[in-house]
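In what follows, a single structure is set out as structure tokens and then discussed.
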Amino acid sequence: MSRNGRSFYIPLMPKVSAAHRERRRRQILDAALACFLRKGLHETSMQDIFGESGLSAGAVYRYFPSKDELIKAITAETSAAMNATFVPLITQDPPAPLPAVIAAIGPRIAELAREGGPLRLAPQAWALVLSEPGLGDHARETMAMLRDLWIAYAARLAETGALPPGTDHVAVGKTMFALMHGFLLQTVVLGDITPDELATGVGALPRPDLRAARG
């Protein structure tokens with residue numbers, strides 16, 4: 001490029017690849033998760049996350065403009081990880097029976113709720129519904145979306161005859177959702193329940209004689 005007969009060079013900023021952006025995003029999310037687990041959602045500051053990630057404030061804010069956005073991103077990733085296990089089971093034809101679903105979901109919850117796992121933040125996230133209007137709405141919407149999947153699963157069980165005629169599938173879905181949250185809470189708070197115990201307990205619950213119900 002020239003001006004008034006003189007040539008000059010304008011350096012170009014190097015292009016950042018999608019892979020680099022994803023690595024940097026992952027670096028920030030991992031740092032935020034470590035801070036949240038160590039100090040809690042409320043007590044963690046963005047300065048903590050800058051220090052944990054080893055990145056400047058500008059580098060972090062380029063990806064996540066606030067702590068709230070980091071919390072939402074971790075929540076979304078965790079929900080997606082759960083759905084990747086659950087959704088194929090409930091959308092197959094016919095839907096997987098409840099024992100098979102529990103056998104798959106229990107270990108996945110335990111894995112994500114292990115020491116350092118994102119599901120260990122779940123009780124704190126639930127509390128946001130009561131104390132933080134903005135994040136509380138996000139937590140409520142996420143919980144409702146997950147519960148709707150269980151209700152949809154119960155509806156499919158009813159449609160395929162796996163539940164007695166006239167069963168309130170909404171009540172069944174809400175109850176199964178509550179069961180999963182109870183397992184998660186015991187895993188995180190008490191630490192003395194295993195996926196095998198969950199599967200054994202569900203398998204031992206009394207079930208109606210479907211043949212009699214249909215007859």
I'm told residue 170 meets every condition in (1) over 20 Å from residue 90 (Cβ atoms); (2) aliphatic (A, V, I, L, M); (3) part of a helix (DSSP H, G or I); (4) modelled with pLDDT of 95 or more except one. Can you identify the failing condition by its number?
(1)
It is to be established whether one or more residues within the stretch 198-207 are touching a helix residue (DSSP H, G or I) at 6+ places or on another chain (Cβ under 7 Å), at pLDDT 95 or above and either among the polar types (S, T, N, Q) or farther than 16 Å from residue 89 by Cβ (or both).
no
Which of the residues that make up the stretch 68-82 are touching a residue at least 40 places away in the same chain (Cβ under 8 Å) and over 8 Å from the mean Cα position of the chain (by Cα)?
68, 70, 71, 72, 73
Of the residues 130, 163, only one is surrounded by fewer than 16 Cβ atoms within 10 Å (Cβ to Cβ), modelled with pLDDT under 95 and more than 16 Å from the chain's Cα centre (by Cα); which?
130
Counted residues, the stretch 127-163 - those being β-branched (Val, Ile, Thr), within 20 Å of residue 82 (Cα to Cα) and without any contact (Cβ under 8 Å) to a residue 40 or more places away in the chain:
1
Just for helices (runs of 4 or more DSSP H) wholly inside the stretch 39-121: which have at least 2 residues that are under 24 Å from residue 18 (Cβ atoms)?
46-53, 57-63, 67-91
Within the stretch 91-122, of all residues that are of a type in the set (Gly, Ala, Ser) and without any contact (Cβ under 8 Å) to a residue 40 or more places away in the chain, the one surrounded by the fewest Cβ atoms within 10 Å (Cβ to Cβ) is 100
Among the residues of the stretch 53-73, the number that are under 17 Å from residue 129 (Cα atoms) and among the β-branched types (Val, Ile, Thr) is 1
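The values are calculated or read from the model by the stated rules, or taken from the named source; none is laboratory data. Keep in mind it's a predicted model, so treat the numbers as computed, not measured. With ideal geometry, Cβ positions are generated from the backbone for all residues, glycine too; neighbour counts draw on all protein chains shown.
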